[in-house]
Amino acid sequence: MPANADEVALGVIVALPAEAAGLPGRGRGSEVFVAGIGCERARSAAARAIERGARALLSWGVAGGLSPQLRCGDLLLPHRVVSERSEWPTDARLRARLLRAAPGMREIDALYCSDAPVTSLERKRELADRGFVAVDMESAGVAVAASQAGVPFAVVKAVCDPASRTVPPLALRMLDEHGRLRVPALLDAALAGPRAWRELRALRGDFSAARASLRRAARSLPSSAEAVVP
């Protein structure tokens, strides 16, 4: 058990600052680490959490939907994280504790972790045909760090863009690798025209729904990380 509130029992890894909304700040045995976008940044953030003493890791945030059965805001609790190079099981006891705390989560078999953004309907269908229902870009990095350190990890993801929606190229240019808004991209958005604006509004609505689900789940989690960590 941590000796004081500054020690970390649970390291929560998010890609974007906005995904941390509703999560408790540093203290009470948990700490949020904002990684930026991509597997390697997530691995580095997870390694920092372990250096701080984390005895369990949680990959938290949004994911793209690959199954038409999933709606924006659905909360997913994967049993496995799969990449093109390997796969990692999430910890069953950690999943069980999270599910008891927030029973609205939906258990799924596997979350696919991609090296590149999955934006097209064609790529989404390709992954769906392989049996995956959701995709992100960070959870494999958390899995690698957890495996190397011998600590349990779990994943909680809210569906953002559904299987039927493409992600417009302009949306990818809006954020830098750290998940921060690129100011020059605002000018691009202003000049993009009505169709691009509609696509961005739709994606913003998707993200708002996903973030609201994450906020509700965060409120349901125990006030102390010790109640979650196996």
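Name the residues in the range 47-79 that are surrounded by fewer than 24 Cβ atoms within 10 Å (Cβ to Cβ), in a strand (DSSP E or B) and among the hydrophobic types (A, V, I, L, M, F, W, C), would you? Matches in the range 47-79: L75, L76, L77.
Given the criteria part of a helix (DSSP H, G or I) and either closer than 20 Å to S147 by Cβ or modelled with pLDDT under 95 (or both), does I37 qualify? No, not satisfied. Counting only residues that are touching a Gly at 6+ places or on another chain (Cβ under 8 Å), among the small types (G, A, S) and farther than 15 Å from G36 by Cβ, the range 112-145 holds 1 of them. S44 falls short on exactly one of the conditions (1) of a type in the set (S, T, Y); (2) outside any helix (DSSP H, G or I); (3) over 22 Å from R123 (Cβ atoms), and that condition is (2). Every condition in (1) surrounded by fewer than 22 Cβ atoms within 10 Å (Cβ to Cβ); (2) in contact (Cβ under 8 Å) with a residue 12 or more places away in the chain is met by E122 except one, and the failing one is (2). On the stretch given as the range 87-119, residues that are outside any strand (DSSP E or B) and either among the acidic types (D, E) or in contact (Cβ under 8 Å) with a residue 40 or more places away in the chain (or both) total 15.
The values are calculated or read from the model by the stated rules, or taken from the named source; none is laboratory data. Everything numeric in this text was worked out from a predicted model, so none of it was measured. Note that we place each Cβ from the backbone using ideal geometry, even for glycine, and neighbour counts take in every protein chain shown.
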